[in-house]
Amino acid sequence: MVYRRLHLLKQIVIMNIKRRKKTASFISEEEMKRRKREVVISISIIAVVALLTFVENRIIHFGADIPVSNTILMFILININLLLLLLLIFLVFRNLVKLLYDRKRKVMGTKLRTRLVVAFIALSLLPTIVLFFFSINFITTSIEFWFNVPVEQALENSLDVGRSLYWHTEERNRFFMERISYQITTKKLLDTNNKKALSRYVQVVQREFNFNAIEIYADNATRITFALAPELEDKRFDVISADNLQKEIPPKGVRTVSERIPSGELIRTIGTIPFGSTPNNAQAFVVIARLMPPDLAKKMSSISRGFEEYQQIKLLKKPIQATYYITLSIVALLVVFCSVWFGFYMAKTISIPIRVLAEGILRVKEGDLSVNIAMVADDEIGTLVDSFNKMTRDLRIGRDQLELSARLLREQNVEIEKRRQYMEIVLKNVSAGVITLDAGGFITTMNKSAEKMLNLKSEHILRKSYKKLLDGQLLELAEDVMENLKSSRNDAAELPLKLAIDGRPMSFIMHVNALKDDAGQHMGMVMVFDDLTELEKAQRMAAWREVARRIAHEVKNPLTPISLSAQRLKRKYSDHIKEPVFDECTQTITDHVELIRNLVDEFSSFARFPTANPKPDDLPPIIEETLALYKEGHPRINFEFNVTDDIPVLNLDRQQIKQAMINLVDNAIGSIRNEGSIVISIAHDPILKIVRIEIADNGVGISDEGKTRLFEPYFSTKKTGMGLGLTIVSTIISDHNGMIRVQDNKPKGAKFVIELPV
Amino acid sequence: MNRKSLVLLFGIIFCVQNLAFAQNATLTNIIVTNTRDDLLVYLNVEGAFTEKMKKAISSGVSTTFSYYLSFYQVRNLWLDNNIEDIKVTNTIKYNNLKEEYIVKRSWEKSGPQVTKSFDEAKKLMSEIDSLKIVPLKQLEKGTHYQLRAKAQLSKVTLPFYLHYVLFFVSLWDFETDWYTVDFIY
């Protein structure tokens with residue numbers, strides 16, 4: 001048993017391990033991998049977008065310095081950025097669609113997930129939108145503000161100042177140029193003879209009017225003479241190209257060119273001689289140069305650059321605004337989608353363990369205790385999952401133990417049932433009758449032998465009190481026994497019992513035992529009884545034979561001397577005594593001795609009754625022969641012989657059977673006073689393998705007391721006869737291993753039933 | 001969102017971006033001629049100056065036109081033989097202080113041309129005059145030659161980060177098709 005239990009435990013453990021292996025992959029590995037991949041993709045996209053944005057920023061700072069074409073690089077970068085952003089959007093939408101689909105399918109946990117996602121989105125969307133619109137507004141107002149302030153005016157004014165500086169310089173130069181041109185023309189200084197005078201004049205003019213330089217060019221653009229201020233003397237001073245000189249002169253009569261030299265900006269105003277003529281008609285050209293100090297020149301150019309830049313920015317105001325909006329929108333979108341995706345992720349991490357737990361609980365509810373949830377989190381939900389796993393494990397172990405106990409119990413039951421059946425079989429097959437009663441006197445069991453002996457059906461008497469079943473003398477007897485058992489210390493009682501069952505006399509020896517439990521409490525009683533009828537009969541028969549033999553022996557011996565003595569008396573004294581009385585007496589003695597001899601012979605024949613010598617023979621002819629003997633002598637009795645079936649050949653002692661039949665028919669005739677009928681029927685019972693002979697008469701019948709003693713010797717209801725007839729019949733039938741019993745013939749008379757084995 | 005719609009979306013994005021660059025600039029009056037020693041080309045670009053570009057130039061934005069000239073010897077049943085590739089640039093810059101336009105032409109030996117008139121500056125920017133392509137001695141008599149020309153706005157120098165702006169808003173970019181002139185020497 002112990003070994004078997006161990007084996008069972010081992011099986012359970014193996015089953016558990018298998019189950020656990022099965023449930024460990026509750027979330028399929030593929031699904032886990034897919035989720036992990038999604039997370040990695042999303043994070044890398046965000047990282048790449050951030051990196052690209054950073055790089056773009058750097059490139060913008062480098063400006064045109066980096067060798068690669070900015071345009072193409074930026075184009076590529078921005079497109080990649082856009083693509084990645086789209087990918088992120090795609091991921092988010094995919095999750096959204098999945099969530100909607102799950103909701104439609106009513107997948108467990110979607111409601112919670114939706115709620116969480118909505119909460120996360122709302123939480124992230126609200127500040128993002130507020131910030132976005134605030135930023136847009138801020139940028140718009142800022143840009144408007146930049147362009148609204150009077151910077152433009154200031155710049156324009158300073159530019160005007162610069163312009164007027166140039167204009168004034170040119171105007172002054174023009175003023176002097178007009179005079180100089182007039183002087184040169186009137187003094188005819190251009191004549192080749194007056195070359196020196198021209199040089200002198202030029203130098204004088206330069207000194208007088210404090211020009212930085214003054215040059216005179218011939219009409220063929222060669223420089224005739226020039227005069228320089230001391231600050232330009234040691235510097236390189238180039239001629240003006242012919243092209244430049246030949247260019248059209250505006251209506252105001254002068255044209256100004258400027259060039260940068262190390263010591264500042266040189267402003268040269270070109271005029272013609274005579275003043276106002278076209279370059280083609282000019283006799284010569286006058287150039288007055290003024291040097292603008294370097295710091296002033298620088299300031300002028302910075303004013304110019306500042307204005308330029310301002311103009312350009314103003315030109316690009318709208319595009320800049322648009323750019324800001326676009327950038328801001330992209331960033332906002334990125335933030336929104338990132339947060340949405342993060343919302344999905346958080347919702348997933350929160351709702352999945354809950355969903356898994358809920359599914360596990362559902363499965364437990366359906367009776368599947370093999371649920372084991374893989375660790376999905378390391379927080380409180382993780383603890384919950386752990387507790388759940390422990391609970392299901394405990395439940396599982398408990399159930400397995402229960403199963404084991406039930407199995408053991410079943411086995412024990414089977415064993416008990418087997419024992420019970422065995423006991424029942426034993427009881428059924430035991431030759432003694434067994435009847436048990438409970439403490440209240442109700443019959444609880446009755447075995448087959450008891451049923452057979454008492455000719456009762458157990459279902460008719462089970463669970464009934466003996467007080468109801470018995471009456472009269474038997475009830476008294478039973479109550480006496482009960483009382484005895486209860487009162488006496490002795491638990492057992494033994495008593496002989498004689499009963500007539502269905503008209504058959506039966507003799508039993510009954511053992512009654514009180515049943516007591518371990519505590520000595522009365523539980524009922526068991527009655528065991530043996531059928532002693534046949535045994536008693538045999539014993540009585542043997543006793544009677546012994547008696548008969550002795551009587552025959554003891555009585556027969558003196559009979560012959562008595563008879564001989566009587567005959568001798570008669571012979572010797574008959575002639576002497578002529579008394580008829582004498583003769584009569586001797587004759588009586590002789591007759592009665594003969595009668596006694598007959599009686600003794602009958603005794604003797606009973607005592608020395610030969611044992612049967614059966615041989616196969618037909619039964620019906622024997623009966624027919626028997627009946628033939630009586631039919632003639634008893635015309636008022638109707639003899640009937642019924643053979644119902646084919647009677648098989650039996651092992652019979654023909655002579656003895658005939659004797660038995662004669663005795664029985666004789667008996668029947670004796671019971672019929674005047675008219676009547678005797679019916680003999682033979683039937684074959686193939687099931688019981690017997691042949692049943694019934695001899696029924698409608699005579700006076702036999703009393704119950706008579707029935708019990710009918711087959712005993714010297715029991716006779718007739719005046720004549722020794723009462724050995726039926727005893728002999730009984731002996732013959734016993735010798736043929738058969739059985740004889742007497743019953744009442746309904747409605748009148750008696751019926752002898754003989755059963756002979758086939 | 002399935003793959004098809006993604007492809008469609010990207011297609012639209014690229015098309016829109018390309019459309020932004022399209023302007024109707026053309027090359028006109030392409031004349032190939034020769035001096036005693038050299039082969040010369042004359043050409044004009046028309047429709048290059050938009051209102052916005054004029055505004056930008058007068059705001060002091062330095063703008064460069066690039067001219068691409070390729071000279072081929074045409075060969076039947078074979079790839080044309082590339083004899084010469086020339087790229088020249090015309091750059092304009094407005095000086096608001098002196099209210100004059102300075103046009104610098106890379107193919108002219110003399111320095112930048114200065115003019116007060118925008119029309120003149122425009123003319124200077126959009127024409128190539130007597131640009132030497134190859135010496136005549138490189139050419140063979142009776143051979144089929146081809147000159148291919150194209151003009152485009154190659155560079156607009158904006159201050160600071162404003163380059164960046166152009167990626168979102170294209171203002172004045174142009175690029176002409178390739179124009180070809182065939183002749184037999």
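The values are calculated or read from the model by the stated rules, or taken from the named source; none is laboratory data. Because the structure is predicted, anything quoted here is derived from the model rather than measured. Using ideal geometry, Cβ is built from the backbone for each residue, glycine included, and neighbour counts are taken over all protein chains shown.
Mind telling me which of the residues A:TYR166, A:TYR217, A:TYR182, A:TYR201 ends up being surrounded by fewer than 14 Cβ atoms within 10 Å (Cβ to Cβ) and either more than 60 Å from the chain's Cα centre (by Cα) or over 20 Å from A:ARG290 (Cα atoms) (or both)?
Testing whether each residue is surrounded by fewer than 14 Cβ atoms within 10 Å (Cβ to Cβ) and either more than 60 Å from the chain's Cα centre (by Cα) or over 20 Å from A:ARG290 (Cα atoms) (or both) leaves just A:TYR182.
Residue-by-condition table, conditions (1) modelled with pLDDT under 85; (2) within 30 Å of A:ASP191 (Cβ to Cβ):
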residue: A:PHE285; (1), (2): no, yes
residue: A:ILE288; (1), (2): no, yes
residue: A:ASP295; (1), (2): no, no
residue: A:MET300; (1), (2): no, no
residue: A:ILE303; (1), (2): no, no
residue: A:LEU315; (1), (2): yes, no
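Any residue in the stretch A:531-545 that is more than 29 Å from A:ASN429 (Cβ to Cβ), touching a Lys or Arg at 6+ places or on another chain (Cβ under 9 Å), surrounded by 15 or more Cβ atoms within 10 Å (Cβ to Cβ) and modelled with pLDDT under 80?
The answer is yes; a qualifying residue exists.
Looking only at residues in the stretch A:316-357 that are closer than 14 Å to A:ALA119 by Cα and of a type in the set (Ser, Thr, Tyr), which one is farthest from the other protein chains (Cβ to nearest Cβ)?
A:SER351
For the subset of the stretch B:136-163 comprising residues that are more than 11 Å from chain A (Cβ to nearest Cβ) and closer than 27 Å to A:LYS317 by Cβ, which member is modelled with the lowest pLDDT?
B:LEU153
Which of (1) within 14 Å of chain A (Cβ to nearest Cβ); (2) modelled with pLDDT of 85 or more; (3) more than 16 Å from the chain's Cα centre (by Cα) is the odd one out, the single condition B:PHE168 does not satisfy?
(2)
Among residues belonging to the stretch B:92-110 that are in contact with a Lys or Arg (Cβ under 9 Å, 6 or more places away or on another chain) and acidic (Asp, Glu), point out the one that is nearest to the other protein chains (Cβ to nearest Cβ).
Per the criteria, the residue is B:GLU99.
Which of the residues that make up the stretch B:29-61 are charged (D, E, K, R), away from every other protein chain (no Cβ under 14 Å) and out of contact with any Pro (no Cβ under 7 Å at 6 or more places or on another chain)?
Once the filter is applied, which keeps residues that are charged (D, E, K, R), away from every other protein chain (no Cβ under 14 Å) and out of contact with any Pro (no Cβ under 7 Å at 6 or more places or on another chain), the stretch B:29-61 yields B:ARG36, B:GLU46.
Taking into account only those residues within the stretch B:62-86 that are under 16 Å from B:THR26 (Cα atoms) and of a type in the set (Ser, Thr, Tyr), which is nearest to the other protein chains (Cβ to nearest Cβ)?
B:SER66
Residues in the stretch A:413-421: is at least one on the phi < 0 side of the Ramachandran plot and in contact (Cβ under 8 Å) with a residue 24 or more places away in the chain?
Checked against the condition, which is being on the phi < 0 side of the Ramachandran plot and in contact (Cβ under 8 Å) with a residue 24 or more places away in the chain, the stretch A:413-421 yields no hits at all.
Could you grab the pairs with beta carbons closer than 6 Å, sequence gap of 6+ or different chains, first residue in the stretch A:523-544 and without any contact (Cβ under 8 Å) to a residue 60 or more places away in the chain, second one assigned to a strand (DSSP E or B) and of a type in the set (Val, Ile, Thr)?
A:LEU532/A:ILE509
Do you know which of the residues in the stretch B:32-91 that are of a type in the set (Ser, Thr, Tyr) and assigned to a loop (DSSP other than H, G, I, E, B) is surrounded by the fewest Cβ atoms within 10 Å (Cβ to Cβ)?
B:THR35
Looking at A:ASN642, A:ASN663, A:ASN651, which one is touching a residue at least 24 places away in the same chain (Cβ under 8 Å) and not in a strand (DSSP E or B)?
Checking each option against the conditions leaves just A:ASN663.
Filter the stretch A:292-305 for residues that are more than 14 Å from chain B (Cβ to nearest Cβ) and touching a Gly at 6+ places or on another chain (Cβ under 6 Å); which is surrounded by the fewest Cβ atoms within 10 Å (Cβ to Cβ)?
A:PRO293
Would you point out the residue of the stretch A:255-264, among those that are of a type outside the set (Gly, Ala, Ser) and closer than 18 Å to B:TYR101 by Cα, that is farthest from the other protein chains (Cβ to nearest Cβ)?
Out of the qualifying residues, it is A:ARG260.
Going residue by residue through the stretch A:284-291, is there one that turns out to be surrounded by fewer than 19 Cβ atoms within 10 Å (Cβ to Cβ) and assigned by TED's automatic domain parsing to the domain that holds A:ILE214?
Looking through the stretch A:284-291, none of the residues is surrounded by fewer than 19 Cβ atoms within 10 Å (Cβ to Cβ) and assigned by TED's automatic domain parsing to the domain that holds A:ILE214.
Can you pull out every residue in the stretch A:404-461 that is more than 19 Å from A:VAL528 (Cα to Cα) and touching a helix residue (DSSP H, G or I) at 6+ places or on another chain (Cβ under 8 Å)?
Once the filter is applied, which keeps residues that are more than 19 Å from A:VAL528 (Cα to Cα) and touching a helix residue (DSSP H, G or I) at 6+ places or on another chain (Cβ under 8 Å), the stretch A:404-461 yields A:LEU404, A:ARG407, A:LEU408.
Go through the stretch A:482-505 and give me each residue that's in a strand (DSSP E or B) and in contact with a Lys or Arg (Cβ under 7 Å, 6 or more places away or on another chain).
If the condition is that a residue be in a strand (DSSP E or B) and in contact with a Lys or Arg (Cβ under 7 Å, 6 or more places away or on another chain), then A:ALA500, A:ARG504, A:PRO505 are the ones that fit.
From the list A:GLU144, A:GLU215, A:GLU178, which one is under 24 Å from A:GLN311 (Cα atoms) and of a type in the set (Asp, Glu)?
Matching residue, one of A:GLU144, A:GLU215, A:GLU178: A:GLU144.
If the requirement is being out of contact with any Lys or Arg (no Cβ under 6 Å at 6 or more places or on another chain) and at pLDDT 85 or above, which of these qualifies: A:PHE344, A:PHE307?
One residue alone meets the criteria, A:PHE307.
Inspect the stretch A:469-481 for any residue being more than 59 Å from the chain's Cα centre (by Cα), at pLDDT 85 or above and part of a strand (DSSP E or B) and give the result as yes or no.
No, that holds for no residue.
Check A:LYS570 against each of (1) part of a helix (DSSP H, G or I); (2) within 30 Å of A:ALA478 (Cβ to Cβ); (3) touching a residue at least 12 places away in the same chain (Cβ under 8 Å) and name the one condition it does not meet.
Going through the list (1) part of a helix (DSSP H, G or I); (2) within 30 Å of A:ALA478 (Cβ to Cβ); (3) touching a residue at least 12 places away in the same chain (Cβ under 8 Å), A:LYS570 breaks only (2).
Going through A:ASN173, A:ASN244, A:ASN194 one at a time, which residue ends up being at pLDDT 85 or above, of a type in the set (S, T, N, Q) and assigned by TED's automatic domain parsing to the domain that holds A:ARG290?
A:ASN173
Somewhere in the stretch A:99-107, is a residue under 17 Å from A:VAL331 (Cβ atoms), assigned to a helix (DSSP H, G or I) and of a type in the set (Ser, Thr, Tyr)?
Checking the stretch A:99-107: not a single residue is under 17 Å from A:VAL331 (Cβ atoms), assigned to a helix (DSSP H, G or I) and of a type in the set (Ser, Thr, Tyr).
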